[in-house]
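S.K.: Handing you a structure now.
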Amino acid sequence: QVQFVESGGGLVQPGGSLRLSCAASGSIFSIYAMGWYRQAPGKQRELVATITSGTNTNYADSVKGRFTISRDNIKNMVYLQMNSLKPEDTAVYYCNRPQGLLGATYYSGSLEIWGQGTLVTVSS
């Protein structure tokens, strides 16, 4: 089984930056696409960024141009660089296999057990 541990969240002012990390353990996953999800208070969990086993990336319109997803297959890590943060980015962020719609692309990854996520709070 694959286990995910997210880290890097915290409190940041609008316009600030954070870099989230996702560490996978238990099994290799380098050949699989990965995604970052977030769940804001009172909202459904949404897929915001994906990356293939290579370098192809995709983003939700809400984060496009501000967030960058990357991965290190040797370390079984995936990252989310978050710049120009807005209050509406406040959410718990999770990593997992991408499943569902992101923009016009449908992903059919098999979800693993969700990690605890990491909380990002954007507030002044």
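S.K.: Give the distance, in whole Å, between the Cα centre of region 30-44 and the Cα centre of region 5-19.
M.R.: Answer, in whole Å: 16.
S.K.: I want the antiparallel fraction of DSSP beta bridges within the chain, as a percent rounded to 5. Can you show the working numbers first?
M.R.: Values: 37 of 40 bridges.
The answer is about 90 percent antiparallel.
S.K.: Then there is this: Write down the accessible area per residue of the chain in Å², having rolled a 1.4 Å probe over the full set of protein chains. It would help to have the intermediate numbers written out before the result.
M.R.: Details: 6480 Å² over 124 residues.
With the other protein chains kept in place, the chain gives 52 Å² per residue.
S.K.: Can you list the aspartates and glutamates whose alpha carbon sits under 16 Å from that of residue 64, skipping same-chain ones fewer than 8 residues off?
M.R.: Qualifying aspartates and glutamates at Cα under 16 Å: 46, 88, 89.
S.K.: Let me ask you something else. How high is the relative contact order of the chain? Use alpha-carbon pairs under 8 Å, at least six apart in sequence, and give a whole percent.
M.R.: Numbers: 312 pairs, mean separation 43.4, N = 124.
Relative contact order of the chain: 35 percent.
S.K.: Still on this structure, please answer the following. Starting from the 7 Å offset along Cα-to-Cβ, what nm value, one decimal, do you get for the label separation of residue 5 and residue 86?
M.R.: Distance between label points: 3.4 nm.
S.K.: If you don't mind, there's one more thing I want to ask. Place a point 7 Å from Cα of residue 56 in the direction of its Cβ. Which residues in region 1-34 have their backbone N less than 16 Å from it?
M.R.: Output list for this probe position: 31-34.
S.K.: Each residue of region 50-57 in order: what ³J(HN,Hα) in whole Hz does its phi give by Karplus 6.51 cos²θ - 1.76 cosθ + 1.60, θ = phi - 60°, with x for Gly and Pro?
M.R.: 9, 9, 7, 5, x, 10, 5, 10
S.K.: Which shape class, rounded, prolate or oblate, goes with region 56-120 when its Cα gyration tensor gives a ≥ b ≥ c as root eigenvalues, a/c under 1.5 marks rounded, and past that a/b bigger than b/c marks prolate?
M.R.: Values: a/c = 1.37, a/b = 1.19, b/c = 1.15.
Since a/c stays below 1.5, the shape of region 56-120 is classed as rounded.
S.K.: In nm, what is the difference between 0.36 nm times the number of residues separating residue 114 and residue 25 and their Cα-Cα distance? Write out the running numbers ahead of the final one.
M.R.: On the way: separation 89, 0.36 × 89 = 32.04 nm, distance 1.27 nm.
Full extension from residue 114 to residue 25 adds 30.8 nm.
S.K.: Share of the chain's accessible area from carbon and sulfur, percent, 1.4 Å?
M.R.: Numbers: 3180 of 6480 Å².
Percent of accessible area from carbon and sulfur atoms in the chain: 49.
The values are calculated or read from the model by the stated rules, or taken from the named source; none is laboratory data. These numbers come from a predicted model, not from an experiment. Cβ: placed from backbone, ideal geometry, glycine included. Neighbour counts: every protein chain shown. Ligands, DNA and RNA are excluded from the accessible area calculation, which covers all protein heavy atoms including side chains. Shrake-Rupley method; radii C 1.70, N 1.55, O 1.52, S 1.80 Å.
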